[in-house]
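Everything below concerns the one structure shown next.
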Amino acid sequence: MTQKIVLAYSGGLDTRFCLVYLTREKGAEVITVTGDTGGFDAEGVEEIGRSASRLGASEHVWLDLRQEVFDDFVGWIVKGNLLKGGVYPLCVAAERVAQARAVARVALERGAGAIAHGSTAAGNDQIRFDLVLGAVAPRLEILTPVRDLGWSRKEEAAYLEKHGFPVPAERKEFSINESLWGVTIGGGATHDAWAEPPESVYRLTRSVDAAPTAPREIVLGFEAGMPVSLDGERLAGPVLVESLNRVAGEHGVGRGIHLGETVLGIKGRIAFEAPAPVVLIEAHRELEKLVLTKWQSYWAAQAGLFYAQHLHEGHYYDPVMRDLEAFFDSCQRLVTGEVRVRLHKGAARVVGTRSPHSLLGRGTTYGEQTALWDGRDARGFGKVSGISSRLAAERDGR
């Protein structure tokens, strides 16, 4: 009996190889599923569908997951100011969870016996897919031809060409993934920590040299920690992100390189473009500073580090993530207001914040005057605050 397999299909080299390999070598009926998390134009949508049909898919399913990504992931990334390694806004981790669970839903609906994905044995995506698929469709077999064979991108390309499907040269060297929440670039120069990726791999951003000479200011509106408007116009989440990607990308904002620990414990390095994420997180962080108390800010930062690590490693379905989301919602209740951001030559700088819940200037002006205490209170505070340091200094003979 022919095995029915649902394949997570991006149209890239790895998933094209998986499709041909599973139909040619395994004789399987393969249904391809593309989870659209952003980054596709109408021509791209049609081309991916055509490629799936051309390479042997019995059916191709296209799912628009952009709103799902925004609702279920982008909100928490912004509310938690999640930046892996202090720079990377988790572009891929969020969309992989959304794609994996969408593929699992299709597999269950179609009565498939297995789910396949094109991850390698050395990357993070294999773990993300495996963990999510195991949580959503635990009884289905997981097939990973690229991981199991251990082939290089050149070997995959050679296999496709042998079967009459030539591969563009760029796809042999770089793996480029574009979504609503940014572009990630792997392969080629990213494997050398001294090397810089070529200009040709970038999709969303201009180089600093090509960016406009004049700066541009924008105003972002937030309600309860969520971005809701751009320059006074209220926009649906995905539309706001796409619009901000265009505006900030035009000014060269959002390029970066992330080098850090992978899920498997080795070092990894990728280039990325994330104009909207970089601007939104920077703006949100500054609005938080205006509204949250000292200890709210402290614990929000700790929770953000933990949440980012678990999302990055594919542990989205661990119940602790729902607990942390409840905490984020609680501390974000009053993070409402507007943030003025200046975009110029690759930089996004917050130049103003305002909120009806501001804690700035309530009864005091920093460094000048206060109605909340007097000089005697301040002197006593300084004395009492230093007692432990003074006692330790006397003990140690300083």
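The values are calculated or read from the model by the stated rules, or taken from the named source; none is laboratory data. All of these numbers come straight from a predicted model, not from anything done at the bench. Reconstructed Cβ throughout: ideal geometry from the backbone, glycine too, with neighbour counts over all protein chains shown. Just the protein is used for accessible areas: all its heavy atoms, side chains included, with ligands, DNA and RNA removed. Shrake-Rupley method; radii C 1.70, N 1.55, O 1.52, S 1.80 Å.
The lone criterion from (1) in a loop (DSSP other than H, G, I, E, B); (2) open to solvent by less than 60 Å² (accessible area, probe 1.4 Å) left unmet by A214 is number (2). Restricting the search to helices (runs of 4 or more DSSP H) fully inside the stretch 99-165 and requiring at least 1 residues that are under 18 Å from C18 (Cα atoms) and either within 20 Å of the chain's Cα centre (by Cα) or at pLDDT below 95 (or both) gives 125-136, 153-162. Looking for something more than 28 Å from D209 (Cβ to Cβ), among the aliphatic types (A, V, I, L, M), over 25 Å from the mean Cα position of the chain (by Cα) and not in a loop (DSSP other than H, G, I, E, B) - is there at least one such residue anywhere in the stretch 350-364? Checked the stretch 350-364: no residue is more than 28 Å from D209 (Cβ to Cβ), among the aliphatic types (A, V, I, L, M), over 25 Å from the mean Cα position of the chain (by Cα) and not in a loop (DSSP other than H, G, I, E, B). Among residues of the stretch 206-231 that are of a type in the set (S, T, N, Q), those with a Cβ under 7 angstrom from a residue that is part of a loop (DSSP other than H, G, I, E, B) and open to solvent by less than 20 Å² (accessible area, probe 1.4 Å), sequence gap 6+ or separate chain, pair up as S207/G252.
Each row is one residue, and each column tells you yes or no for (1) under 30 Å from D130 (Cβ atoms); (2) crowded, with 17+ Cβ neighbours inside 10 Å; (3) among the β-branched types (V, I, T).
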| site | (1), (2), (3) |
| --- | --- |
| P238 | yes, yes, no |
| R246 | no, no, no |
| I270 | yes, yes, yes |
| V278 | yes, yes, yes |
| I281 | yes, yes, yes |
| W295 | no, no, no |
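In the stretch 189-206, the residue that is nearest to T336 (Cα to Cα) out of those that are open to solvent by 30 Å² or more (accessible area, probe 1.4 Å) and in contact with an Asp or Glu (Cβ under 7 Å, 6 or more places away or on another chain) is L204.
Inspect all residues belonging to the stretch 168-179 and state whether any of them is open to solvent by 20 Å² or more (accessible area, probe 1.4 Å), part of a loop (DSSP other than H, G, I, E, B) and of a type in the set (G, A, S).
No: zero hits.
Check the stretch 255-267 and report whether any residue there is crowded, with 18+ Cβ neighbours inside 10 Å, basic (K, R) and in contact (Cβ under 8 Å) with a residue 40 or more places away in the chain. Yes.
Filter the stretch 62-78 down to residues that are open to solvent by less than 20 Å² (accessible area, probe 1.4 Å) and out of contact with any Leu (no Cβ under 8 Å at 6 or more places or on another chain) and give me whichever is nearest to Q3 (Cα to Cα). The extreme case among them is L65.
Can you say whether L220 is crowded, with 17+ Cβ neighbours inside 10 Å, at pLDDT below 95 and closer than 30 Å to S330 by Cα, as far as the supplied structure shows? Here the answer is no, as L220 does not meet what is asked. For V341, the conditions (1) among the β-branched types (V, I, T); (2) without any contact (Cβ under 8 Å) to a residue 40 or more places away in the chain; (3) in a strand (DSSP E or B) are fulfilled apart from (2).
Can L19 be described as without any contact (Cβ under 8 Å) to a residue 60 or more places away in the chain, part of a helix (DSSP H, G or I) and either touching a helix residue (DSSP H, G or I) at 6+ places or on another chain (Cβ under 7 Å) or open to solvent by 40 Å² or more (accessible area, probe 1.4 Å) (or both)? Here the answer is yes, as L19 does meet what is asked.
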